[in-house]
1. Below 14 angstrom from the Cβ of Asp132, what's the summed charge of the other residues (Lys, Arg +1; Asp, Glu -1)?
2. Sort 224-233, 237-246 by the packing proxy (mean of other Cβ within 10 Å over each peptide's residues), most packed first.
3. Counting Lys +1, Arg +1, Asp -1, Glu -1, what net charge surrounds Tyr196 among other residues with beta carbon under 15 Å of its beta carbon?
4. Under a crude label model (7 Å from the Cα following the beta-carbon direction), how far is Ala214 from Arg182 in nanometres?
5. Let me know the shape class of region 59-187, please: from the alpha-carbon gyration tensor, a ≥ b ≥ c as square roots of the eigenvalues, rounded when a/c is under 1.5, otherwise prolate if a/b is greater than b/c, or oblate.
6. With unit charges on the beta carbon (Lys/Arg positive, Asp/Glu negative), name the residue among Ile70, Ala28, Gly87 whose Cα is farthest towards the positive pole of the charge dipole of region 12-139.
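No value in this document is a laboratory result; all are computed from the given coordinates. No experiment lies behind these values; they were computed from the predicted model shown. All Cβ positions, even for glycine, are placed from backbone atoms using ideal geometry, and neighbour counts span all protein chains on display.
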Amino acid sequence: MIWRRAILQTFDPQTRWFAAARSTLAVAQLIPVVASTNQALFWRPTAGTGPISCDGVNSVSLFCVAAGHIALGRVITVFVLCTVVIGVCPALTCLPHWYVSLSLGLSVTLPDGGLAFSRIITLMLVPVLLGDRRLWAWQVPSTPLSSGWAGAGTAAFLLARLQVTLIYANAALGKALQRPWRDGRVMQTLLVDPLYGPPHSVEQALRPLVSSAAASIGIAWAVILLELAIAVFLWFPGRLQRLSLALTACLHIPIAVFIGLFSFSLTMISVVALVMSAPSMMRSTAKDEVPIPESIATDAGPLPVR
């Protein structure tokens with residue numbers, strides 16, 4: 001089938017595009033770990049025996065395994081994330097990356113959806129990266145992935161893209177079903193929200209804009225349509241898929257600037273870049289091309305020449 005051939009032709013995690021997106025995801029995770037205090041990261045209003053909850057599934061968190069030594073857990077987390085940023089041996093760092101992402105998602109109480117989502121996406125990336133035999137993610141691979149790893153990686157890659165699609169589609173449809181979003185009143189509510197509202201100076205600057213009913217409705221529906229477009233365009237190769245990344249940036253950069261959710265915004269932009277099936281957009285020379293395993297090309301039928 002055409003869609004199957006297109007995926008097999010363009011999917012290969014051994015690219016600089018994929019490495020840059022994965023490194024950006026790790027940077028997004030580093031931001032709250034490095035910039036926040038223990039009280040901000042692990043705040044519990046009804047803390048009993050300690051600042052971190054280690055009940056049930058939370059007990060597998062690195063911060064619980066470290067026997068409550070939060071500083072040690074943070075040092076290990078920073079070390080692992082830094083190795084991912086640098087690009088050290090993707091096959092060896094993918095599992096530690098997932099584990100620290102899981103630990104952050106389980107233990108950190110900051111209202112940041114990016115940390116919660118990172119533990120899911122990094123798990124889905126494990127089969128994608130295990131077959132990568134390079135010592136450094138930025139080097140040009142000498143051999144392509146084997147057909148087995150390419151198949152497993154493609155399946156995990158599609159699952160990750162489906163997850164991202166569902167997140168944006170659910171967010172858009174959920175907003176469209178709420179009257180405050182349909183009539184734009186949510187903009188005025190967000191402006192003065194004590195948790196997600198912008199700083200006072202930004203609030204004063206934006207107040208005249210959101211006071212206009214037409215402007216509030218326009219902004220609210222622009223957010224809804226952007227989220228729907230991202231969810232749909234991710235499945236179309238080429239310009240539309242690249243447009244989905246641009247739209248993601250247009251959606252999340254204002255969220256980072258006006259609301260201060262830098263980690264969350266950077267996480268979502270990097271995740272959309274990760275699940276795009278067009279890593280070849282970053283290849284500029286023939287030496288950067290990664291040949292498709294013959295076994296895959298034969299099984300899928302002849303592939304069109306670019």
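1. Taking every Cβ under 14 Å from that of Asp132, the sum is +3.
2. Packing order, densest peptide first, comes out as 224-233, 237-246.
3. In short, -2.
4. 2.2 nm
5. Oblate is the answer for region 59-187, as a/c is 1.5 or above yet b/c matches or exceeds a/b.
6. Sorting the options by dipole projection puts first Gly87.
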